[in-house]
Amino acid sequence: MNQQTLKLRGLSCAACVNNVEAALKAVPGVAACRVNFGAEQAVVTYDAQKISVSEMQAAVAAAGYSAQPLQDDVFAAADAAEQREQQAAERQLRRKVAVSLTLSAILVIGSLPMMTGWSLPLIPMWLHHPWLQMGLTAPIMVWAGDRFFINAWKSLQRRRATMDTLVAVGTGTAYLYSLFPAFYPQWFTAQGLQPDVYFEAAAVIIALILLGRWLENRAKKQTSAAIRKLVGLQAKTARVRRDGQTLDIPIAEVRVGDVILVRPGEKVPVDGEIIAGESTLDEAMVTGESLPVRKGAGDEVIGATLNKTGRFEFRATRVGQDTVLAQIVKLVQQAQGSKAPIQRLADQVASWFVPAVMAIALLTFILWFAFTGQITLAVIPTVSVLIIACPCSLGLATPTSIMVGTGKGAEYGILIKGADSLELAHKIQTLVLDKTGTITQGQPTVTDYLTVQGTAAGNELRLLELAGSLEQNSEHPLAEAVVQYAQSQAVTLREARDFEAIAGSGVQGWVMDRWVQIGTPRWLHECGIETSSLQAAGDRLESEGKTVIWLAADGQVAALMGIADAVKPTSAAAIRNLKRLGLQVVMLTGDNPRTAAAIAAEVGIPQVFAEVRPDQKAAQIATLQATGQCVAMVGDGINDAPALAQADVGIAIGTGTDVAIAASDITLISGDLQGLVAAIQLSQATIRNIRQNLFFAFIYNVASIPIAAGILYPLLGWLLNPMIAGAAMAFSSVSVVTNALRLRNFRPQIRA
């Protein structure tokens, strides 16, 4: 299955979302479709063998909207023609707002004597002449508000209804009704009725809705500020050494393997590895870490980070769409275009809301006309109901908050893959932490090397040579510590044959015609190897919180090593903050119980599951889930991937493996557990914001429709003016977006 993101145009409300989704899902070959009203995007999963992108565009066009595929290059400038088209559309909307507001102001001034019942000497009566008002309103109906009527007609042809349907029917009713008293006032007078016209109501409604849409568009642009900020971080050029020359070239021309020079104060152009020099780099813009990081030869650098002090050269390892920054932008775009489960309620309501409003408006007209016999009194509440009940705010309530929340997360080095992950994070009850690389630094070193008593001095180095030679074939962090220790003792590493890694147990193979096994004492016991000669020493090292690995040669235990992995400086404080959030924190590790208990005690974790093999980690998560808890797993290694996928929310440490990151829902780029606290608090703030928006949207519609229908008239003798209804509808959407923008002020509350 392929996935394509389409940029949509012409969406006016939540009902449009349902129309586009229905149109795309009806096309053979489309497996799934998610339309985000706030982002104006459709994410389509499809079979490329059955349908093309152009066919999807045709389906959207047939539904009355337009769609353009987003470019794969997240840094590419938008197509020049498309940019000009967007700018022209914005200018056109601005002109329509200005003209319609100006004409509406004249119409309202001319209608004040009729609306107030007072004779106002400063307002000439000819301003209220029906034919003049009809003429001033016509440009607004035909030109400024043309899209409402065009879209309403298209919706009618498809037997669907949208916000444009409500506006077109409401303003059209007011205008058409006003034509009769304008041309035949004597008939109304003969019936004992005032020949009142409502041209100004139709004009003002369209003007205010256009103004609201213009303000809404300006506000929605701010929700995607995070994307623009991230894209703007990329350097524009790179200083590359090629063929003995130093050249300044555009960033798009940098190739993998190029040697790039970076001077103090410059941005790192792409991802790579330092080969000469050292410096301090500010990585806050990508990782969220506030403190600069010291780096030298062999260290990795991230594109878009800032070189603070020194001068260095590095070799490019990832360029273009493969860089860390590009992946961050893609993930944020994906998250902003996704749909949260909480939005389903709004979508379900929107699917029947517009038809229900049409029915309520028709019933309102029938009842008013039946009880009063006055068509004027029947028209006013009918138009008000049609106008005030627009479901725009329902459609904007969730996606705008999601867009701001995921963008804010990126600023703090928190990558959220989808809206469902962001929503689910606030429900976490149990947090399971992997030990190595998550709580600890993940860079263990050998602190103790003990051999069986009586081993000759020369044989100690020979055993170390066997251990280093075998472990150099393993990717486990403990294996790397053994290799580094062996190399520090100046031993020569040999080639190993028949190397085999037993998950959660150890490694084995032939080195210099000797059968070597390195692993846990439990595994050695399973292999029939006695470990009692070094058991006391092993127990002592484990009691100190060190990991002990055992070395056996030719079926006999020969040595052991104590390896310590320092706890990250912020781990203990982060776990305290997580507990303050009411979370149950658990440690899950393949390490032995003593080492695990020592680390857990140091950081304040009360519950530990030790000696858990990789294939058992996912089962352990499932066991916790079986108790009814919402479980999150935090890990960084390949062996954590199944558990990350099993958990309700998988959270990967960004300093870990690509497999773990791919299996997770949230990624903490910096590897600092304090980012986990920020992620959960951000989820809570975003969901709280969404609930506020939905509450306002629902309450607004529930309260406004009865008022518009005239429920207060028997008590107060007052009907809601359609112009006020139009203003209320327009600014309800603006208020929802404005409330969502408050998330931009989010700051994580983290205590030391």
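Backbone geometry of region 674-685 corresponds, through the Karplus equation with coefficients 6.51, -1.76 and 1.60 at θ = phi - 60°, to 3J(HN,Hα) couplings of 4, x, 5, 4, 4, 5, 5, 5, 5, 4, 4, 5 Hz, x marking Gly and Pro.
Each DSSP beta bridge with both residues in the chain is either parallel or antiparallel, and the antiparallel ones are about 80%. Classified by the C-alpha gyration tensor, region 579-647 has an oblate form. Its axis ratio a/c, with a ≥ b ≥ c, is 1.5 or above, and a/b does not exceed b/c. Hey, what angle do you get for helix 477-488 against the long axis of the chain, alpha-carbon based, 0 to 90 degrees rounded to 10? Between the helix axis and the principal axis of the chain, the angle is about 40 degrees. Note: relative contact order over the chain, using C-alpha pairs below 8 Å and six or more positions apart, is 13 percent.
Shape of region 444-531 from its Cα gyration tensor (a ≥ b ≥ c, root eigenvalues): rounded if a/c is under 1.5, otherwise prolate when a/b > b/c, or oblate? The shape class here is rounded.
Within straight-line reach of residue 154, meaning a Cα separation under 13 Å, sit the following aspartates and glutamates at least 8 residues removed in sequence or on another chain: 146, 164.
Listed by chain and number, the aspartates and glutamates placed with their C-alpha closer than 12 angstrom to that of residue 617 are 434, 640; residues fewer than eight positions away on the same chain are left out.
Our note on the geometry: Cα centres of region 234-259 and region 18-38, 43 Å apart. Between the helical axis of 343-372 and the longest alpha-carbon principal axis of the chain there is an angle of about 10 degrees. Report summary: the helix-based calculation at 222 nm, which adds -39500 (n - 2.57) for every DSSP H run with n ≥ 4 and divides by the residues of the chain, gives -16000 deg cm²/dmol.
Distances between placed amide hydrogens fall under 5 Å for residue 586 paired with 431, 432, 433, all partners being 5 or more residues away or on another chain. Rounded to the nearest 20 debye, the dipole magnitude of the chain is 3140 debye, with +1 charges on Lys and Arg beta carbons, -1 on Asp and Glu beta carbons, and the Cα centre as origin. At 1.4 Å probe size, with the rest of the protein present, what percent of the exposed accessible area of the chain is carbon and sulfur atoms? Result for the chain: 56 percent of the exposed heavy-atom area is carbon or sulfur. Distance from the Cα centroid of region 416-486 to that of region 678-741 is 56 Å (rounded to whole angstrom).
Using the Cβ of residue 522 as centre and a radius below 15 Å, the other residues enclosed give a net charge of -4, where K and R count +1 and D and E count -1.
Taking Cα atoms only, the orientation of helix 593-603 departs from the longest principal axis of the chain by about 50 degrees.
Surface analysis of the chain yields an accessible area of 43 Å² per residue, using protein heavy atoms and a 1.4 Å probe. Please say if the chain is rounded, prolate or oblate, where rounded means a/c under 1.5 for a ≥ b ≥ c the square roots of the C-alpha gyration tensor eigenvalues, and otherwise the choice is prolate for a/b larger than b/c and oblate otherwise? Note, shape of the chain comes out prolate. Calculated on C-alpha atoms, the gyration radius of region 491-596 divided by its Kirkwood radius gives an Rg/Rh of 1.09. Checked against a 19 Å cut-off, the cross-linked pairs 267/330; 267/308; 330/417; 417/579; 308/568 give Cα-Cα distances beyond that limit for 267/330; 417/579; 308/568. The mean sequence distance of close C-alpha pairs (under 8 Å, at least 6 residues apart), as a share of the length of region 448-535, puts its relative contact order at 23 percent.
The values are calculated or read from the model by the stated rules, or taken from the named source; none is laboratory data. Just so it is clear, the structure is predicted and the values come from calculations on it, not from any experiment. Positions of Cβ are generated from backbone atoms using ideal geometry, with glycine treated the same way; all protein chains shown enter the neighbour counts. We work out accessible area using only protein heavy atoms, side chains counted, and drop any ligands, DNA or RNA first. Shrake-Rupley method; radii C 1.70, N 1.55, O 1.52, S 1.80 Å.
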